[in-house]
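The values are calculated or read from the model by the stated rules, or taken from the named source; none is laboratory data. Being a predicted model, the structure only gives us computed values, none of them experimental. Positions of Cβ are backbone-derived with ideal geometry, glycine not excepted, and every protein chain shown enters the neighbour counts.
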Amino acid sequence: MIAVTGGSRGIGAAIAERVAVDGHAVLIGYRSNEDAASKVAERIRSLGCEAATARVDITDPKSIEEFLDAGQELGPLTGLVAAAGEVQAVGALVDLDPADLKKDLEINLLGAVLTARAAISRLTRTRGPIVLIGLAAATLGSPGTYVHYAAASGYCCPRGRALERARCPRHPSQLRRARNHLDGLSPRPSTAGESRCFDSVGSGR
């Protein structure tokens, strides 16, 4: 079973549908839009594939554990895609509310780290990958829009490498195999504001 946070819309939904077509059962994570997640699951089931939905708050370690537990009926965790993200603070950095900046960073940076943390022990048994997703904002910087979000997204690749070394310090080649596998899972070409800045941690393939 592959778990996808942020799987109710956008690139998360596209990835959920693609990995289902490739033969994986999928757990679709959503924060508040249960209807959207259910529609993604229905589309997947209409293809004869297995799917389930579960709510998850990626800034809450307990919620992440409960999310992953909810997918056990589909089988053991064999992969995780951390696609959840959100931006509330938009505009020139000097004009943004510090509380909004903090919330955005908690979701887009801390949330991905906590999600990976929760999955590591489960994926150690199946040797599945953890996939982190960054956006074009990481390379463009997004001046005058959301530089803090660009900074958080820019940590995608370095934090993936750090997690890889923490999890599989003796097998760095697993990261390269995970990247090669992910290349075959690209759901669609990048569109406005999106980039395939993927990094993954520890593939057994």
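Which count do you get for residues in the stretch 94-123 that are of a type in the set (G, A, S) and over 20 Å from R55 (Cα atoms)? Can you show your working first?
Taking the stretch 94-123 and keeping what is of a type in the set (G, A, S), we get 99, 111-112, 116, 118-119, 121.
Next, only the ones that are over 20 Å from R55 (Cα atoms) stay: 99, 121.
Result for the stretch 94-123: 2.
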If you go through the stretch 10-45 one residue at a time, how many are in contact (Cβ under 8 Å) with a residue 12 or more places away in the chain and of a type in the set (D, E)? 3
For A112: the one exception among (1) more than 18 Å from L27 (Cα to Cα); (2) at pLDDT 80 or above; (3) buried (at least 17 other Cβ atoms within 10 Å of the Cβ): (1)
Answer yes if at least one residue in the stretch 84-92 is modelled with pLDDT under 95, surrounded by 15 or more Cβ atoms within 10 Å (Cβ to Cβ), closer than 17 Å to A13 by Cβ and hydrophobic (A, V, I, L, M, F, W, C), and no otherwise. yes
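Return yes or no: is P98 loosely packed, with under 14 Cβ neighbours inside 10 Å and closer than 19 Å to R122 by Cβ? Before the answer, list the steps.
On the way: loosely packed, with under 14 Cβ neighbours inside 10 Å: yes; closer than 19 Å to R122 by Cβ: no.
No, not satisfied.
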Only one of (1) more than 12 Å from the chain's Cα centre (by Cα); (2) more than 24 Å from T124 (Cβ to Cβ); (3) of a type in the set (V, I, T); (4) assigned to a helix (DSSP H, G or I) does not apply to V87, and that is (4)
